[in-house]
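J.: Quick one: structure below, then a few questions.
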Amino acid sequence: MLRIIATFFLLVGAWARADGLPDPLVALDGTKITTPEQWREKRRPELLELFSREMYGRSPGRPQKLVSEVFDRDDKALDGKATRIQIAIYPGGKPGPRMDLLVYLPNQTKGPVPTILGLNFSGNHTIHADRGIRMTDSWVEEPKNSVEQAGVKDHHATEESRGTNAKMWPVDEMLARGYALATMYREDVCADHTPYFASGAQSAFPELQQSEDNFGCIAAWAWSLSRALDVLEKEPTIDAKRVAVFGFSRLGKAALWAGATDERFAMVISNESGAGGAKLFRRGVGENITRLNTVFPHWFARSFRKYNDKDIELPFDQHLVISLVAPRPIYVASATGDKGSDPEGEFTAAKAAEPVFKLLGAEGLPADTWPAAGISAQGGIAYHVRPGKHDVTDFDWQQYLEFCDKHLKAR
Ligand code: GCU
């Protein structure tokens, strides 16, 4: 019966706001959510269920069989500035697929430190030229950029690829400002190429590929971030209650879903996550659902395909995912040249999540209209659109670190 009522409301959109977006504070059965308890007990669980069933798919949770082994610890890394720790995580047990977690801790800071955790695109060894980082033996994409091409042979990383992605990861600055950095490689988690679902940690759970709400890559990446947090919780030099989950683009979609599903993350930083991340579908601008499900059929659950070409009448939208992060701080960032991510749609989604942050006692987004390029508006929700293309730049990191200083360091 409940299901029928919920479907009725989904179809008629009776719970929509004046701007046409589903209201985060009206439950599927039409109940108005007016207290933090109602949010926690009714609305948040039903939204998690809705997005797991209809879009991202279901994750296996924390596997009993998970094994983690520290295979490197060097307290004189990066000219003595950092302690480098590398941990092999076998989520489905050993032998089995392995995810390498690389951690840099700042040596000058005493006590457990706040940490930025995020997945990387090309292998841990590409985020810094440090020769102590274990080179990945997972599949690597052939770079389009001619400088980086030298580092990849037949989809395998070579020594020449060390540090090739360092400009997106200001490790030295993070350390100098008292943050640890932890990162893993996306291909250790799921095959972001054909044959899909055949390698990476996701492949240890074939039973989760059988149903319509199958465990897609975005959900697998999000789940892997939670598994990395399980392991970081055991490291006394890390303050696991002050971990910000970060991601760019497809990995930003994953960081957002990780922050939505796992309340242990103290903060979310979504850098140009776009469609399936922070952007609204219902505006009908930028990358649409059909493109996502066609070009990247392994990212979302098969159930999401029934919404192909239905962006504008979608009965849910991404502001609801952002609202699942509340009351924890979230930074949503766009770039003017990243048209596929519909920068204004990312702002509108962040703003539409505001009532939930306020209900839970957090600050909203201190901007009523889409801010001019280069302006960072920072409340409990933060937003900027930076001039330039789809990327992660120093400007982006300056804003994120300032936001971290306010919300993580200040604690
Ligand atoms: C493609 C895709 C985007 C995604 C991006 C990326 O451009 O269409 O949705 O965010 O890849 O991850 O780099």
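J.: Does anyone have the angle between helix 250-261 and the longest principal axis of the chain? Alpha-carbon axes, 0 to 90°, nearest 10?
T.: 70 degrees
J.: Could you tell me how many degrees, from 0 to 90 and to the nearest 10, lie between the Cα long axis of helix 217-232 and the main elongation axis, the longest principal axis, of the Cα atoms of the chain?
T.: With rounding to tens, the tilt is 60 degrees.
J.: Efficiency by 1/(1 + (r/R0)^6): what FRET value for Thr194 and Arg305, r their Cβ-Cβ distance, R0 = 22 Å, to the nearest 0.05? Display every interim value, and only then the final one.
T.: Details: r = 18 Å, r/R0 = 0.81.
Once rounded, the FRET efficiency stands at 0.80.
J.: Using a 4.7 Å Cβ cut-off, which Cys residues in the chain lack a partner cysteine?
T.: Isolated Cys, the chain: Cys404.
J.: Right, another one. For the chain, take the longest principal axis of its alpha carbons; what is the angle in degrees between that and the long axis of helix 394-404, to the nearest 10 within 0 to 90?
T.: 70 degrees
J.: For the stretch 47-130, what % of the accessible area comes from carbon and sulfur atoms, probe 1.4 Å?
T.: 51 percent
J.: Need one number: nm distance between label points at Asp29 and Ala150, each 7 Å from Cα along Cα→Cβ, rounded to one decimal.
T.: Each label point lies 7 Å from its Cα, and together they span 6.5 nm.
J.: Can you give the Rg/Rh ratio of the chain, where Rg is from the C-alpha atoms and Rh is the Kirkwood radius? Before the final figure, lay out the partial values.
T.: Working: Rg = 20.3 Å, Rh = 21.4 Å.
Expressed as Rg/Rh, it is 0.95.
J.: Per-residue accessible area for Thr336 at 1.4 Å probe radius, Å² rounded to 10?
T.: Roll a 1.4 Å probe over it and Thr336 shows about 50 Å².
J.: In straight Cα distance, which aspartates and glutamates are under 12 Å from Lys32, not counting same-chain residues fewer than 8 positions off?
T.: Straight-line reach from Lys32, under 12 Å: Asp23.
J.: Of Lys81, Lys241, Lys167, which has the most accessible area and how do the rest follow, probe 1.4 Å?
T.: The most accessible residue leads, giving Lys241, Lys167, Lys81.
J.: Using the alpha carbons of the stretch 95-144, what is the convex hull volume per residue in cubic angstrom, as a whole number? Present the calculation step by step, with values, prior to reporting the outcome.
T.: On the way: hull volume 6.8 nm³, N = 50.
Given the Cα convex hull of the stretch 95-144, per-residue volume reads 136 Å³.
J.: Using a Förster distance of 25 Å, how high is the FRET efficiency between Lys241 and Arg40, based on the Cβ-Cβ distance and rounded to 0.05? Can you show the working numbers first?
T.: Values: r = 19 Å, r/R0 = 0.75.
About 0.85, to the nearest 0.05.
J.: For Glu69 and Val295 in one chain, what is 0.36 nm times their gap in residues minus the Cα-Cα distance, to one decimal in nm?
T.: Values: separation 226, 0.36 × 226 = 81.36 nm, distance 3.61 nm.
Going from the current span to full extension adds 77.8 nm.
J.: Amide H to amide H, which residues 5 or more places from Val26 or on other chains are under 5 Å from it, using H placed in the peptide plane?
T.: Excluding prolines and chain starts, which carry no amide H, the hits are Ile33.
J.: Note down the nm distance, to one decimal, between modelled labels 7 Å out along Cα→Cβ at Ala129 and at Ile312.
T.: That separation, rounded to one decimal, is 5.2 nm.
J.: Follow-up question, since we're still on this one. How do Arg162, Arg43 stack up against each other in accessible area, from largest to smallest, with a 1.4 angstrom probe? The partial results should precede the final answer.
T.: Details: Arg162 35, Arg43 0 Å².
My answer, sorted largest first, is Arg162, Arg43.
J.: Further, regarding this structure: Whenever you get a sec, line up Glu402, Glu287, Glu363 from highest to lowest accessible area (probe 1.4 Å, protein heavy atoms).
T.: The ordering from most to least exposed comes out as Glu363, Glu402, Glu287.
J.: Next up: Label Asp394 and Arg53 with points 7 Å out from Cα along Cα→Cβ: what is the distance between them in nm?
T.: Computed distance between label sites Asp394 and Arg53 equals 5.0 nm.
J.: Over the heavy atoms of Trp299, what accessible area does a 1.4 Å probe trace out, to the nearest 10 Å²?
T.: Ignoring ligands and nucleic acids, Trp299 comes out at about 10 Å².
J.: Any idea of the accessible area per residue across the chain, 1.4 Å probe, to the nearest Å²? Write down the numbers at each step before the final one.
T.: Values: 15760 Å² over 411 residues.
Each residue of the chain exposes 38 Å² on average to a 1.4 Å probe.
The values are calculated or read from the model by the stated rules, or taken from the named source; none is laboratory data. Keep in mind that this is a model prediction, so the values were computed, not measured. So basically every Cβ, Gly included, is an ideal-geometry build from the backbone, and we count neighbours across all protein chains shown. These accessible areas exclude ligands, DNA and RNA; they are computed on the full protein's heavy atoms, side chains included. Shrake-Rupley method; radii C 1.70, N 1.55, O 1.52, S 1.80 Å.
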